[in-house]
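Everything below concerns the one structure shown next.
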Amino acid sequence: MQENFSMEELMDLLFTRQFRKLKDILTEMNEVDIATFIEELDSEKTVVVFRMLPKELASDVFACLEVDKQEHIINSITDYELGTIVDDLFVDDAVDMLEELPASVVKRVLKNARPDTRKLINQFLNYPDNSAGSIMTAEYVGLKQSMTVEQAFAYIRKNGVDKETIYTCYVMDEKRRLEGVVTVKDLLMNPYEEVIGNIMDTHVIKAFTTEDQEEVADSFQKYDLLSLPVVDHEERLVGIVTVDDVVDVMEQEATEDFEKMAAMLPSEKPYLKTGVFQLAKNRIAWLLILMVSSMIT
């Protein structure tokens, strides 16, 4: 959060209805910090603050919110506003959200998305749970072998703004089969007239769409990756998994492992984000089972 403004000061601006000043401050803040602020608000104030945000910032903040806040915002805004948010979200963020929402809400979200966005989301939703396909994103930079470094930079400048990462670019043939990777560092270190096919790395570490997400996380750790291409059974590039997606996977797996060790029921939130009361509630069922079992034996 901005160093000059505490949570209390932001709350004061909101409750004294100094909306213009609050909006100016929020537009300069990081989306994660704005989401943290919104999480502390009641239902009415949540929508008021969310509607202050510029379109692109609103989508970024929306992706950082807990599912219950996302659902409340969806139910409180117009179809046009909803369509704008969904179309601006990264596909993997949209899929993560939809998997947690009630069917009626999902139906409304998909109804208001652009046809191409809706088609892509439906494709991702059809991948097996906890697979590489279910956590990947389709927002990557794809290049061709025949491009020069100069052409590659021009393409990245034109198309890279909405991509999840531009540091690693993926080289494909006319059938979208993955041929190699090239980093921005590689491009910077070579002459403008150099051809991509001559500088790309053809020894590509990749995952298949049906590969388990734990195996994907292991690859990130083993090879110290920032992103990992995901291909189908015909070696066609369909998406990438980024390091932030893997962090989510590792957090999820760690939470599940901890709950097993502590004899607790599964929780919808990561362990460190779950309240004390909920943690106790999750463990009671197992403790009762163990108590009854010990009485029987």
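What follows is calculated from the coordinates using simple rules that are stated; it is not laboratory data. Just so we're clear, the structure is a prediction, and the values are computed from it rather than from any experiment. Positions of Cβ are backbone-derived with ideal geometry, glycine not excepted, and every protein chain shown enters the neighbour counts.
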Take the stretch 142-246, drop everything but the C-alpha atoms, weight them equally and run the Debye formula without solvent; then report log10 I(q)/I(0) at 0.16, 0.18 Å⁻¹ to two decimals.
-0.70, -0.87
Could you list Lys185, Lys69 so that the one with the fewest beta carbons within 10 Å of its beta carbon is first and the one with the most is last?
Lys185, Lys69
Rounded to whole Hz, the Karplus (6.51, -1.76, 1.60) HN-Hα couplings of the stretch 224-237, x for glycine and proline
6, 8, 9, 7, 9, x, 10, 10, 8, 5, 9, 6, 7, 6
If you take every residue apart from Asn75 with its C-beta less than 12 Å away from the C-beta of Asn75, what net charge results, scoring Lys and Arg +1 and Asp and Glu -1?
-2
Based only on other Cβ atoms within 10 Å, what is the fewest-to-most ordering of Asp79, Asp245, Asp33?
Asp79, Asp33, Asp245
When the Cα atoms of the stretch 1-135 are enclosed in a convex hull and the volume is divided per residue, what value in Å³ results?
107
Quick one: Karplus J couplings for the stretch 49-60, per residue in order, coefficients 6.51, -1.76, 1.60, θ = phi - 60°, nearest Hz, x for Gly and Pro?
5, 4, 6, 6, 7, x, 3, 5, 5, 4, 5, 5
Work out the count of Lys pairs in the stretch 1-105 where the Cα-Cα distance is under 17 Å, with the pair 8 or more places apart or on different chains.
4
How about the stretch 105-174: which GluC sites (Glu not before Pro) there lie in a loop by DSSP and see at most 15 other Cβ atoms within 10 Å?
Glu174
So how far, in whole Å, is the C-alpha centre of the stretch 117-183 from the one of the stretch 29-105?
25
What number, in nm² with one decimal, is the all-direction average of the projected area of the convex hull of the alpha-carbon atoms of the stretch 92-214?
8.7
Placed amide H near Gln145: partners under 5 Å, 5+ positions off or other chain
Met172
Sorted by chain and then number, the residues having a modelled amide H within less than 5 Å of the amide H of Gly239, at least 5 places away or on another chain, are Val230
